[in-house]
Structure formats: structure tokens, C-alpha cells
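The values are calculated or read from the model by the stated rules, or taken from the named source; none is laboratory data. Since this is a predicted model, take the numbers as computed values, not measurements. Methodologically, a virtual Cβ is constructed for each residue, glycine included, from the backbone with ideal geometry; neighbour enumeration extends over all protein chains shown. Ligands, DNA and RNA are excluded from the accessible area calculation, which covers all protein heavy atoms including side chains. Shrake-Rupley method; radii C 1.70, N 1.55, O 1.52, S 1.80 Å.
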Amino acid sequence: MDVLLKIIQVILSLSLLVLVHEFGHFITARMFRVRVEKFYLFFPPAIFKFKPKGSDTEFGIGCIPLGGFCKISGMIDESMDTEAMKKPPQPWELRSRPAWQRLIVMAGGVIMNVILAVVLYIAILFTWGEQYIRTSDAVYGIEVSPLAKEIGFRDGDIILAFDGEPAPDNFAEIQVDMLREQISRVTVLRGDDTVDIAIAPEYMPAMLNTPGMFGIRLPILVGGLPDSSINAGADLLMGDRFLSAAGRPVTYYQDLQAVLADNAGKTVDLRLLRGNDTVCVPIKVGADGKMGVLLQRDVSGINVTRKEYSLPEAIPAGFLLTFTNIGHYIKELGLIFSPQTEAYKSVGSFITIGSIFPSSWDWQVFWNITALLSIMLAVMNLLPIPALDGGHILFLIYEMITGRKPSDRFMEVAQMIGMFLLLMIMILAFGNDIMRLLR
């Protein structure tokens, strides 16, 4: 059921993005009185199609749910209809229009994807607002993964700056910001000392493939005592705060874990804060270093930043968030072309896209992911690859500057090369996904 729900979300999200993108080409073409021969969601063979009375456009839905297309007259596209291009240009064809009009038609899909992202972010901020934990509000510092510890971070470090600039305001952005900005030095507060941690470039591949390097450090509380526990019946109450175990401070989970591992098979005394009182409770530690007590983290000392938006406030905030995320994605895309990061190994297909959707329906998460995917689709389509909008835009800019239009033969060859490059990217993406599934 979880997999089915993810599949439904992927198809729904990508279908919306494809429709909006192709509609951008459709509406700009019709604005300049260019004929659109076909407008399809998904690829043929068609399972449904119709042509409205008096219209030149056939609308339809294909049976291969991998995208969609808008076939514009007088344009060399993925259909490779070279026979039509051998005929003299007709008044209703795109090739009969001046370069600036053709440029707008080619950019129409990207523009619509950006507009969709803006609209979605405005709606999200107006409906749900923002909620996050500021890096400065992680007052107990960070919990670190083995990789972060190997790099030089320690539990309890308070992150202050990246390469001399203030750290990201949103704690959840710390790891991704380190990667997209390729940070080389992180300044932390460790106890009473300020420490600089050098991030060696060779750690970038591991950081890309190891999510959750940093967590927010929180004091631990007793969360419950199962009847099956080796300490069933012990004087432990939900909400008791850990102070020490075997005479050693255990405010945090890692501290308790270390004490229990050192005292496996023994009985140790726990000092706990219960309301305003301190109690001492003897507990058994199993041979596996566990005591059979459920734990929970005390979030009461962490301030959660919440911001509500009126519609007039959400509009500029939605624009800002869209263009901020466009900048972020361009930087992240740049990592793929940097061999030392090995970011190309993270390129994924529909399987990877599906994995980022939740296994339960959440409209806020769904629209946030859809807005981000719309930005990604817009930026990817601007890459100067002939089969993409960016390739066509590049040739049109060349034509506008030089006054010379590339020949139809050149465009045909360029289109085939572009399609081959896209095929290679798809093979890489699916290959990466298959390798991840086999691990």
C-alpha cells in the first residue's frame, strides 16, 4: 500500500508538471498564431484522443506515463518529422516566425514551471506558514553521525559559521548547505572554545550519500517501561529526566549508551530528576548493553520558529522562496559536473523521485515536493542540450546575434545528438537506482 501511494503521488505530481510545461509551449505558440498539431499527456500509443471542432490540435492521453509533448508545426523536435521540414515554410509554422517569437515559444515551458512554483509556494506559505528550528536555537548543540565524527565534529558542538559566514538559519539546511556551497571550514563552539573544522574535499562523496550527519542534541527522559523489560517493576516513571548512571553524567543518549556498554551484565544506579526531586533507582543492564527502558527526547528546551503569512505577505515571500531555490538547485546541479564530488552517482530516475514522497498522504509535503520538482524541471530544461528547450534557446540566441539561422540539417543532427545524450542520462539514472536497490 505504501508503494502504491508513492506511485500515485509521483504520477499525479509529474503529470501536473508536464501539463503545465507543455501548456507553456502551447499557449505561447497560439499567441503568435502558430499551429499546434498535437498536445499529449504521456506518450503514444493513445488511449484517448479528440480534436475539438474548428481546432487544428489533437489532444490526447498516451499509455506510456513518462511525460508528454506538444507538437508544434515547423519545428524539429523528438518526433523527427524531417519530411515536413523539406517543404516550403507555411504561414502557420513556427519556422516562419521571427527569432524573438520562436525564443518565447521555446522558453514558454520553463516560464510556466517557474510560475507554477511561485503559485504553489504562495499557497503553501499562506495555508501552512513556515515552521523550523533555527541553528542558533539548537542550544544543546548537535548529535553527530560516525562520518561527521570522522571529519572532526563532536557531540555537543554548536555550529557558528561556514567559511567565516554565519551558518544557515534553518538547522535542517546545514548538511545540504555544506555540500551546495562546497564549504571548506566550519567554525563551532566546543565548550568554551571556538574550533575550526576543515572539510577535506575527499569527504564530499560520502557526505552526499550519508544523510543525517547532524541531529539536534536533546536531553533524554524515560519514555516507558515495557512489561517484557528486564527492569519491569523498577521505580521508573514516564518523564523522569536522566542525570547520571554508575556515577557518570548521562544527560544525553550517547552518554547513557556509553555507560551501559561499559557495564553490560551488571546492575547500576540511575540518578533521575522527577519533578523537583532527585531519585536513585538501581537497574539491570543486559549482556547486550541494554536496559529495556523506552527513551524519549525532551524538546521543551528547544524553540520552534513559526511564521504565519497573510496573502499580501505570502506573495513576495513565495517569489523569494522560488528564486532562492532556483539558485540552490543550480549550485546542486553544478556538483554533478565536479568529478571530485562524485555527485553523478546520486542522479536518479522516477524511482528516486518516488522515494522522496511520504508513505502517507500529506498535502503540505506533496505540494512542497511538487514546487521543488517544478523548479528542477525548469532548470534542467535550460541546459544547453539540443533536445531540450535550452538547446533550442541557445541556437535562437546565436541566430539573433549573428543574423544567421542554423540549417535544418544541422538542427536534425543536433536533435539526434541531444536525444542520445538524454538517453545516456536516463541510463545513468536508472542504473544508479538499480544499484541502490541491490545494495
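Determine the sum of side-chain charges near G141: Lys and Arg each +1, Asp and Glu each -1, restricted to other residues whose C-beta is under 11 angstrom from that of G141.
Local net charge: 0.
Kindly provide the helix-only [θ] at 222 nm of the chain, computed as the sum of -39,500 (n - 2.57) over DSSP H runs of four or more divided by all residues, to the nearest 500 deg cm²/dmol?
Calculated at 222 nm, the ellipticity per residue is -14000 deg cm²/dmol.
For segment 86-243, build the charge dipole from Cβ charges (+1 Lys, Arg; -1 Asp, Glu) around the Cα centre, then report which of P226, G109, Q175 sits farthest towards its positive end.
G109
With each label point set 7 Å from Cα along the Cα-Cβ vector, what nm distance links S55 and A232?
It works out to 6.9 nm between the two label points.
Checking the a/c ratio against 1.5 first, then a/b against b/c, what shape does the Cα gyration tensor give for segment 105-146? Working shown, then result.
On the way: a/c = 5.41, a/b = 2.23, b/c = 2.43.
Oblate, because a/c is 1.5 or more while a/b does not exceed b/c.
Projecting each Cα onto the charge dipole of the chain (Lys/Arg +1, Asp/Glu -1 at the beta carbon, about the Cα centre), which of F126, V299, P52 comes out farthest on the positive side?
P52
If you take all C-alpha pairs in segment 227-319, what percent of them are over 14 Å apart?
71 percent
Please give the charge dipole size of the chain, origin at the Cα centre, charges +1 on K and R Cβ atoms and -1 on D and E Cβ atoms. Round to the nearest 20 debye.
1480 debye
What spacing in nm lies between the two simple spin-label points modelled at L66 and D298, each 7 Å away from Cα in the Cβ direction?
Taking the simple label geometry, L66 and D298 are separated by 5.6 nm.
Could you give the distance between the Cα centres of segment 376-391 and segment 144-167, to the whole Å?
Each part reduced to its Cα centre gives a spacing of 36 Å.
With the full set of protein chains in place, find how many percent of the accessible area of the chain is carbon and sulfur; take the probe as 1.4 Å. If you can, show how the numbers build up before the last one.
Values: 14510 of 23100 Å².
Looking at the chain in its full context, I get 63 percent from C and S.
What is the sum of charges, Lys and Arg at +1 and Asp and Glu at -1, for the other residues whose Cβ falls under 12 Å from the Cβ of G265?
+1
Could you calculate the contour length gain from D163 to S15, that is, 0.36 nm times the residue separation minus the distance between their Cα atoms, to one decimal place in nm?
49.2 nm
Which whole-percent values make up P(r) of the chain when all C-alpha to C-alpha distances are grouped in 10 Å steps starting at zero?
Here the calculated profile for the chain is 4, 15, 22, 22, 16, 10, 6, 4, 1, 0.
How much net charge surrounds F357 when only the other residues with a Cβ under 11 Å from the Cβ of F357 are counted, with Lys and Arg +1 and Asp and Glu -1?
Around F357, the surrounding residues sum to -1.
Toward the positive end of the charge dipole of the chain, about the Cα centre and with charges on Cβ (Lys, Arg +1; Asp, Glu -1), which of N263, A414, F323 goes farthest?
Positive-most Cα among the choices belongs to A414.
Per residue, what volume in Å³ does the convex hull of the Cα atoms of segment 109-238 enclose? Show your work: numbers first, answer last.
Details: hull volume 27.7 nm³, N = 130.
Output value, Cα hull per residue: 213 Å³.
Using only Cα atoms and rounding to the nearest 10 degrees, what angle (0 to 90) does helix 363-381 make with the longest principal axis of the chain?
The angle comes out near 50 degrees.
In Å², what does the accessible area per residue of the chain work out to with a 1.4 Å probe?
Result: 53 Å² per residue.
What residue among P205, P45, P384 shows peak mean-square fluctuation when the chain is described by a Gaussian network model with Cα springs under 10 Å?
Its mean-square fluctuation being the largest, the pick is P45.
Give the distance, in whole Å, between the Cα centre of segment 191-251 and the Cα centre of segment 44-73.
56 Å
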